[in-house]
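Asker: Sharing a structure here in structure tokens format.
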Amino acid sequence: MVLAEESEKLRFTSLSESWRGGYPGNLIVEIIYPLGDNNLLNILIQLTLCNLTNYSYFNLAHAGNDDILGHVAGTNTSRMNQQISMPAHQVEGLNVKGTALNFRAERNIDKDIDGEHELLKIGAGCEQSWVLDNHDGELGKGASLLDPRSSSLPEMFITQLGIQIYIAKFLNNQVIGKQDKLYPRRSALYLEAQWHPKSNEALYCVHWPERVYE
């Protein structure tokens with residue numbers, strides 16, 4: 001891993017040699033974190049044939065302070081990838097209108113999270129991939145998050161096609177985090193910008209657009 005400090009940005013470069021993790025060929029990844037105005041954090045990923053993303057967990061009430069089920073989430077999505085088996089064999093196009101998976105109209109995360117919808121049961125709550133509406137590859141708003149107890153209102157702008165929402169369902173008060181606080185179940189979530197899961201595996205996704213980064 002190579003770290004370069006530049007004016008108002010950090011640049012990380014990593015080389016994963018051929019066949020590490022089963023990947024054929026050297027994989028060179030460069031990630032740039034430029035800090036913009038008004039606390040805007042940009043994440044620029046430059047790589048080869050790979051589907052990487054950023055895992056940033058959020059709890060707007062601050063880490064270790066209760067769960068995030070009272071947060072309000074909104075996404076610019078009306079469809080999602082329907083997970084039909086495990087591992088993640090998915091097909092695109094499930095319309096979420098009128099379901100417990102519809103975040104296009106902002107809603108509390110805890111609403112119906114333990115409901116009867118098949119995908120909520122598969123993900124033990126929320127662990128699915130939504131498809132951005134009107135995606136054209138340009139930077140556009142993908143999601144927003146709000147905790148009524150906090151003044152923070154982060155918004156997520158992406159160029160990727162998909163947004164994965166995951167709620168930390170495996171935390172169990174065994175992990176000690178910031179300020180020596182224990183992290184309980186569902187005490188954080190991430191909004192993950194990415195192409196479709198499995199999009200580089202032709203076995204699952206022959207009908208999906210190819211993702212080659214140059």
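Asker: Compute the convex hull volume of the Cα atoms of region 91-137, divide it by the residue count, and report the result per residue in Å³ as a whole number.
Answerer: Normalising the Cα hull of region 91-137 by residue number yields 96 Å³.
Asker: What ranking do 151-164, 128-141 get when scored by the average of other Cβ atoms within 10 Å per residue, highest first?
Answerer: 151-164, 128-141
Asker: If you take every residue apart from residue 183 with its C-beta less than 14 Å away from the C-beta of residue 183, what net charge results, scoring Lys and Arg +1 and Asp and Glu -1? Numbers along the way, then the final one.
Answerer: Working: positive: 169, 178, 181, 185, 186; negative: 66, 67, 180.
Neighbour charge sum, excluding residue 183 itself: +2.
Asker: Using mean Cβ contacts within 10 Å as the protection proxy, how do 18-26, 94-102, 177-185 order, highest first?
Answerer: Descending mean neighbour count gives 94-102, 177-185, 18-26.
Asker: In nanometres, what is the gap between the two model label sites at residue 114 and residue 55, each 7 Å from Cα along Cα-to-Cβ?
Answerer: 2.6 nm
Here, each number is a calculation from the coordinates, and none is a lab measurement. Not measured: the values here are computed from a predicted model. When we count neighbours, we look across all protein chains shown, and the Cβ atoms used for this are built from the backbone with ideal geometry, even at glycine.
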